[in-house]
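Engineer: I have a structure I would like to understand better, so I am pasting it below and will then ask my questions one at a time.
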């Protein structure tokens with residue numbers, strides 16, 4: 001006794017069909033060989049869909065994150081700032097996106113990996129973050145790295161003339 005496969009239309013022995021509880025005879029509609037082929041095709045299609053979905057999702061997430069960072073940075077703007085230890089009045093002068101620089105300095109100082117050696121050494125002596133003040137000294141109307149660097153260098157040089165020992169910048 002056999003059964004006809006709905007895909008290949010061949011009569012196959014009952015042992016060539018998978019069990020299927022919901023069908024009347026308790027067996028599947030396709031033979032095992034046809035089911036294997038259908039599963040393979042279905043699997044490949046699903047993998048392609050999954051890759052496309054993941055790629056689209058990752059790109060859109062990255063785009064969203066980039067836009068979020070830009071908006072966040074622009075909220076406080078670009079300019080010059082000082083990071084001052086209030087009790088000793090030692091200070092660091094920097095330029096950049098104000099919000100991100102504030103966060104970067106705090107994180108790198110706490111992790112003991114700030115690139116400015118004098119600033120890191122001073123922070124290691126006085127690690128109470130409440131004694132440190134981050135203050136914007138000049139905001140630029142728009143982002144201009146060259147103009148920001150030139151202004152930073154000028155302010156550092158003028159500060160060194162006036163407060164020679166209190167400037168923590170090692171660059172210049």
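Engineer: For segment 92-107, which residues satisfy the criterion of being surrounded by 12 or more Cβ atoms within 10 Å (Cβ to Cβ) and either within 22 Å of residue 159 (Cα to Cα) or free of Cβ contacts under 8 Å to residues at least 12 places away in the same chain (or both)? Spell out how you get there, then give the answer.
Structural biologist: Applying the first criterion (surrounded by 12 or more Cβ atoms within 10 Å (Cβ to Cβ)) to segment 92-107 yields 92-106.
Matches in segment 92-107: 92, 93, 94, 95, 96, 97, 98, 101, 102, 103, 104, 105.
Engineer: Continuing with the same structure: Yes or no: residue 60 exposed (fewer than 12 other Cβ atoms within 10 Å of the Cβ), in a helix (DSSP H, G or I) and at pLDDT 85 or above?
Structural biologist: Judged against the criteria, residue 60 is not a match.
Engineer: Okay, moving on. Is segment 38-57 home to any residue that is surrounded by 10 or more Cβ atoms within 10 Å (Cβ to Cβ), touching a helix residue (DSSP H, G or I) at 6+ places or on another chain (Cβ under 9 Å) and part of a helix (DSSP H, G or I)?
Structural biologist: No; the residues of segment 38-57 include none that is surrounded by 10 or more Cβ atoms within 10 Å (Cβ to Cβ), touching a helix residue (DSSP H, G or I) at 6+ places or on another chain (Cβ under 9 Å) and part of a helix (DSSP H, G or I).
Engineer: Are there any pairs with C-beta distances below 9 angstrom linking a residue in segment 161-172 that is over 11 Å from residue 93 (Cβ atoms) and not assigned by TED's automatic domain parsing to the domain that holds residue 117 to a residue that is assigned to a loop (DSSP other than H, G, I, E, B) and modelled with pLDDT under 85, with the two at least 6 apart or on different chains, and if so which?
Structural biologist: No pair meets every condition.
Engineer: Looking at (1) outside the structural domain of residue 142 (by TED's automatic domain parsing); (2) out of contact with any strand residue (DSSP E or B) (no Cβ under 8 Å at 6 or more places or on another chain); (3) loosely packed, with under 10 Cβ neighbours inside 10 Å, which is the only condition residue 89 fails?
Structural biologist: (1)
Residue-wise test of (1) touching a residue at least 60 places away in the same chain (Cβ under 8 Å); (2) loosely packed, with under 12 Cβ neighbours inside 10 Å; (3) within 22 Å of residue 77 (Cα to Cα).
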site	(1), (2), (3)
115	no, yes, no
131	no, no, no
138	no, no, yes
143	yes, no, yes
147	no, no, yes
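Engineer: Does residue 42 satisfy being under 32 Å from the mean Cα position of the chain (by Cα) and not assigned by TED's automatic domain parsing to the domain that holds residue 146?
Structural biologist: Working: under 32 Å from the mean Cα position of the chain (by Cα): no; not assigned by TED's automatic domain parsing to the domain that holds residue 146: yes.
Against the criterion (under 32 Å from the mean Cα position of the chain (by Cα) and not assigned by TED's automatic domain parsing to the domain that holds residue 146), residue 42 does not qualify.
Engineer: Then there is this: Does segment 119-141 hold any residues that are assigned to a helix (DSSP H, G or I) and either over 27 Å from the mean Cα position of the chain (by Cα) or modelled with pLDDT of 90 or more (or both), and which are they? Break it down stepwise before answering.
Structural biologist: Residues of segment 119-141 assigned to a helix (DSSP H, G or I): 119-125, 129-131.
Selection gives 119, 120, 121, 122, 123, 124, 125, 130, 131.
The values are calculated or read from the model by the stated rules, or taken from the named source; none is laboratory data. This is a predicted model, so every value here is computed, not measured. Quick reminder, even Gly has a Cβ in these numbers, built from the backbone with ideal geometry, and neighbours come from all protein chains shown.
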